[in-house]
């Protein structure tokens, strides 16, 4: 007698179709499948009915597992095609069946690193093209120094991978006239040392790594993002590229008044004129290498600095800034820094002894171990580790709303040892026995999966700790 299926399951066969299911699922005809409907877009497919316990009536999840081996290959590939690159790579560690499916070359829009680093760099260009033929969906390609690039070889590469959208030619001799848009009309991003001589009006993003070199005149209605060293006149550049959204001129000092109705992100060396950004009414993010007292913006919500500490007067000229990032080596905020508008703070050094940040809910501290943090509104903390166990206790007492801590290493605090082996397990055992898991959820990097000690795994089963994947990093953005 067949077990009764839960109401969330649907049996699909030749005569049963559900109007809410995608067409490729409804077209399955060779056998029956159970579809567990989580929502209108998320499905779990099993080749057998879930069994229920005779005593409790609960579903036996071991017999409810996804049997990917039983699915037709074209179904598996269509499922995998919906995954992001990093998720696809992670699937290789699940099982042999997942490994086989995730290794299918037709799924990849960029080459796996091992193939790129260990194979293509040692092959001739025709041999590299032969490998590229196995990856027809590639959207990214990096040309390598030493490859002999000709018109015929470019045409062969274009036939092998016709959908390239991002191309890097930083290792190619600047004297070569490649005419890339001729072979890839859908090209969107180009990375180069110098501005090529051919037409680039199709580009959406251009990145030039030529350092201090002055950028030649550019005119493009499609260009949205530009990264270069500097230009002779920033306003002329904005006028000639009327749809520019993101502009990075790493060695540019702004001494003129700028006006742009579309510019949202600006990165420069420094801003010398106080009214320089007055005409950039849509500016959301400002990034500077050197802080000056003349900087001012009414619209910017994020401010990023690369050298020195953030002075106490800094946010007086930025009434809308809610995120401050001090990314220089050991950069932090000055002693006595205070702001009621700031909600997120990122620093490389340690917090000073005195500061007033009553509304900061998100703190990111890189590179250094953290002592006690006194932020009454803090909810999320991204850090290396605490200097000791007492620092964690004090932080939890001072931050009553803190619910998530992400660690950049394998232990929540230093125990005075090398931080490997038994010492890691000892720290997490202490964490478990002290009941910290009931007060705050702690996550570590996903790269540590499989290398954490038994005490951490026990907390993981109780959902008191976890791994921070690349898709979860947006919680700190």
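Side notes on the structure shown:
- Total residues in the range 411-434, condition modelled with pLDDT under 90 and surrounded by fewer than 13 Cβ atoms within 10 Å (Cβ to Cβ): 5
- Test: residue in the range 282-289 that is under 23 Å from residue 166 (Cβ atoms) and modelled with pLDDT of 90 or more: yes
- Matching residues in the range 144-165 - criterion: being at pLDDT 90 or above and either in a loop (DSSP other than H, G, I, E, B) or closer than 16 Å to residue 112 by Cβ (or both): 161, 162, 163, 164, 165
- Index of the failed condition, residue 178 passing every other in (1) within 30 Å of residue 289 (Cα to Cα); (2) touching a residue at least 12 places away in the same chain (Cβ under 8 Å); (3) out of contact with any strand residue (DSSP E or B) (no Cβ under 7 Å at 6 or more places or on another chain): (1)
- Filter result for residue 129 (closer than 30 Å to residue 229 by Cβ, touching a helix residue (DSSP H, G or I) at 6+ places or on another chain (Cβ under 9 Å) and touching a residue at least 24 places away in the same chain (Cβ under 8 Å)): no
- Among the residues of the range 396-404, some residue qualifies, meaning at least one is under 24 Å from the mean Cα position of the chain (by Cα) and surrounded by fewer than 17 Cβ atoms within 10 Å (Cβ to Cβ).
- Count of the range 89-118 residues which are under 28 Å from residue 178 (Cα atoms) and part of a loop (DSSP other than H, G, I, E, B): 5
- Extreme residue, nearest to residue 409 (Cα to Cα), among residues of the range 369-394 that are surrounded by 17 or more Cβ atoms within 10 Å (Cβ to Cβ) and within 26 Å of the chain's Cα centre (by Cα): 385
- Restricting the range 119-138 to residues that are part of a loop (DSSP other than H, G, I, E, B) and surrounded by 17 or more Cβ atoms within 10 Å (Cβ to Cβ), the residue that is modelled with the highest pLDDT: 138
- Pairs where the first residue, in the range 136-158, is more than 23 Å from residue 105 (Cα to Cα) and the second is assigned to a loop (DSSP other than H, G, I, E, B) and at pLDDT below 90, C-beta under 6 Å, 6+ apart: 145/171
- Hey, residue 98 at pLDDT 75 or above, buried (at least 17 other Cβ atoms within 10 Å of the Cβ), under 30 Å from residue 191 (Cα atoms) and out of contact with any strand residue (DSSP E or B) (no Cβ under 8 Å at 6 or more places or on another chain) or not: no
The values are calculated or read from the model by the stated rules, or taken from the named source; none is laboratory data. What you are looking at is a predicted structure, and each value in this text was computed from that prediction instead of being measured. Don't worry about glycine lacking a Cβ; one is built from the backbone with ideal geometry, like all the others, and counts go over all protein chains shown.
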